[in-house]
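Report on the structure given below.
The values are calculated or read from the model by the stated rules, or taken from the named source; none is laboratory data. The model shown is predicted, which means the values in this text are computed figures rather than measured ones. Don't worry about glycine lacking a Cβ; one is built from the backbone with ideal geometry, like all the others, and counts go over all protein chains shown. Remember, those area values only see protein heavy atoms, side chains included, never the ligands or the DNA or RNA. Shrake-Rupley method; radii C 1.70, N 1.55, O 1.52, S 1.80 Å.
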Amino acid sequence: MARKSPTILPPLLTLVSLILFSTAQCEAFTPPMASRWTSPLSSSSTTAPVDGTTPSATANKEQEDEAENITTRDFLSLDRIRSTLIRQEETIIFALVERAQFRQNAVVYKAGGVPGLGQPLGSVCEDECLLEEEELSFLDFMLTGTEALHSTVRRYESPQEHAFFASRLPKRSNSLADLKFPDLLSKDEDVNNINWNKILHDKYRDVIVPAIAVKGDDEQHGSTVVADIAALQALSKRVHFGKFVAESKYRSDPEGFQKLIDNDDADGVMALLTNSAVEEQVCTRAMLKATTYGREPLLSSLPTARDGEEDDTTSIIAAAAAAAVVAALEAVKQLENGDHRTVVGKIDPAIIKSIYRDLIIPMTKDIEVAYLFLRCGREPPAVYANDRMSIDVTELKKKIAK
């Protein structure tokens, strides 16, 4: 007989509170913009203009607009990283839920599986890529064309965006101004060229898709690759945020990291980057979100306005949140007990947890290690090359570690 596990209610309630109030936590984490990026020309005291006139309404309007807007510097500032990573969880989970509605449709991942595609619209192909890939899969054809289009509006000039087929991107010929970003990362070209999309692409195709999608073919090939592209781009953005995390940690202890890297101590660097408690919190939060987002709302439990009364939106929202929490708690209890069959939803929450635990977090940390080695002027060990994972993963496990 299996040993009875200890009560899990308090931890689960803590996690539920974390989900419900994550937005508030994210807001609290970021200092107010006005106090951080006040124009050097502005002053907290009121000074009369030299011509003796009063401040114009136009000037007041400009100040109001400045307070309402945020800049790229704010959006990519290091103190905003944590809230950004939490927000990306929803993007990733919803993208995977969308992909899970289709069957695996293996033909879309095979080179030449859909014949007659030709060269993706807008992309370029030098002799080198012709030798590497004479024919693209349907996914790669669509992804290459999508990246070619996005590159014309400067997507891949952003330090947080990385193309899967950088060699096929056309040179931008329009008159859009170059984007200017704050110096948040190292200016070294090798550091800025870090790109883990090849191994991410392979692991998505060979590990994630078989775990979230039912075997077989449903002929929804176009919709499948559109969902694939959304998921791949979201995952790529998430793992490459490791560069920002690494830079932030480096700035907090540059001498410590330099000493470890000078001694080729990759294990020591990885140890400094690892916070097991936080990683488990991230994985469990992702699972709980997947449990909540992947279920239909319990409409029968929501209050309705009686005749002559106005809709009580607050009560309806509160009841919906409570119903979602109850459903999530019950599902997590079942998952903790190893019962995956009775958890009704669009995607297995345990798989989402495994994707974070076994792929997203390890790949992010591999990027962090490689970034820090290059940041300190050394080549990273071969195990941290961008065509592999330091700890290889060939399948995802549904078992939830207690």
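Some values worked out for this structure:
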| item | result |
| --- | --- |
| Solvent-accessible surface (1.4 angstrom probe) belonging to TYR156, in square angstrom, nearest 10 | 50 Å² |
| Largest-first ordering by accessible area, 1.4 Å probe, given options ILE391, ILE360 | ILE391, ILE360 |
| In Å², nearest 10: area of ARG172 left accessible to a 1.4 Å probe | 60 Å² |
| Projected label distance in nm at GLU219 and GLU161, using a 7 Å step from Cα toward the beta-carbon | 3.6 nm |
| Calculated FRET efficiency for the pair ASP202/ASN69, C-beta based, R₀ 45 Å, to 0.05 | 0.65 |
| Gain in span if fully extended, ASN174 to ASP392, counting 0.36 nm per residue against the direct Cα distance | 74.3 nm |
| Potential lengthening between LYS346 and GLU280 on full extension [0.36 nm per residue; Cα-Cα distance subtracted] | 21.4 nm |
| Sites GLU135 and ARG378 - FRET efficiency at Förster radius 41 Å, r taken between beta-carbons, to 0.05 | 0.60 |
| Accessible area of HIS221 in the full protein assembly, 1.4 Å probe (Å², nearest 10) | 50 Å² |
| Heavy-atom SASA rank of THR152, THR84 (probe 1.4 Å, accessible area, largest first) | THR152, THR84 |
| Separation of the ALA271 and ARG251 label points, Cα + 7 Å toward Cβ, nm | 2.7 nm |
| Accessible area, probe 1.4 Å, largest first, for residues LYS203, LYS237, LYS171, LYS187 | LYS171, LYS187, LYS237, LYS203 |
| Three-way shape label, segment 243-289, alpha-carbon gyration tensor, a/c 1.5 | prolate |
